[in-house]
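To keep things clear, I will list the structure first and then write my remarks on it.
Every number here is computed from the coordinates shown, using simple stated rules; none is lab data. These figures come from a predicted structure and were not determined experimentally. No Cβ is skipped: glycine too gets one built from the backbone with ideal geometry, and neighbour counts run over all protein chains shown.
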Amino acid sequence: GEDVEQSLFLSVREGDSSVINCTYTDSSSTYLYWYKQEPGAGLQLLTYIFSNMDMKQDQRLTVLLNKKDKHLSLRIADTQTGDSAIYFCAEKGQYNQGGKLIFGQGTELSVKP
Amino acid sequence: EAGVTQFPSHSVIEKGQTVTLRCDPISGHDNLYWYRRVMGKEIKFLLHFVKESKQDESGMPNNRFLAERTGGTYSTLKVQPAELEDSGVYFCASSQEGRTSGSSYEQYFGPGTRLTVT
């Protein structure tokens, strides 16, 4: 079945870059997402990438997609303490138009001053 | 515009009791989803409504879980009787209907209901 894997924890210093990695198994994935969850809040969509793209940049966020290796990464430049949160990778398969998302376990990002 | 709301934010019940969770989607969103995150694990899909119809309920764990969306507006998720392994955070999400070229069908999530079964 479909599976999404992430490392559980990442700790960086304020001002450094953070790179959160994700691997997935569904070769029919059409969209891949990064969601952010701050304490006590719901999931906020940060960015997404369509499967025919290699890279997407949005201000401090850069998403890289290696479709051959089924590897997705999220780079946060100049990481701030406000970026501390859990980051979830998710994918939607070709056969789930408008349907369910498959999530990873979430990576808890801790930013130290 | 109000976002997705969920009630209650927290619920602590004893094993064997019944709990009903409620989700109010964004007005006009035909798609409504329920997900669950058990402590430290991935967020797992439970089911998907399109208006009042169940489009996909493949993620529902067993028949102790009953989801409804009468009238195609808010939805409830009832757990009866609750077991210890039902503890977790239950998220609701909604998205618009319709297929636009390049649309990602963004799902907007609520803050979740934290359910603890003791």
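Structural remarks
- Principal axis extents of the C-alpha atoms in region A:1-75 (largest first, rounded to whole Å): 35, 25, 19.
- Which listed pairs, of A:Lys112/B:Lys41; A:Lys67/B:Lys78; A:Lys68/A:Lys112; A:Lys100/B:Lys78; A:Lys56/B:Lys51; A:Lys56/B:Lys44, have C-alpha distances above 30 Å, in listed order: A:Lys67/B:Lys78; A:Lys68/A:Lys112; A:Lys56/B:Lys51
- In this structure, A:Arg60 and B:Lys54 have a Cβ-Cβ separation that, at R0 = 30 Å, corresponds to a calculated FRET efficiency of about 0.15.
- Sites A:Ser27 and B:Arg114 - FRET efficiency at Förster radius 35 Å, r taken between beta-carbons, to 0.05: 0.50
- Applying the criteria of a DSSP loop state and at most 11 other Cβ atoms within 10 Å to the chymotrypsin sites (Phe, Trp or Tyr not before Pro) of region A:14-113 yields A:Tyr95.
- The protein assembly as shown: translational diffusion in µm²/s, Stokes-Einstein, Kirkwood Rh over Cα pairs, 25 °C, 0.890 mPa s: 135 µm²/s
- Gain upon complete extension [A:Lys67, A:Glu38; 0.36 nm per residue less C-alpha separation]: 7.6 nm
- Gain in span if fully extended, A:Asp3 to A:Lys112, counting 0.36 nm per residue against the direct Cα distance: 36.1 nm
- Sorted fewest first by neighbouring Cβ atoms within 10 angstrom, A:Thr25, A:Thr81 come out as A:Thr81, A:Thr25.
- Centre separation in Å (Cα based) which lies between region B:37-94 and region A:68-89: 28 Å
- Volume in Å³ per residue [convex hull over Cα atoms, computed for chain B]: 104 Å³
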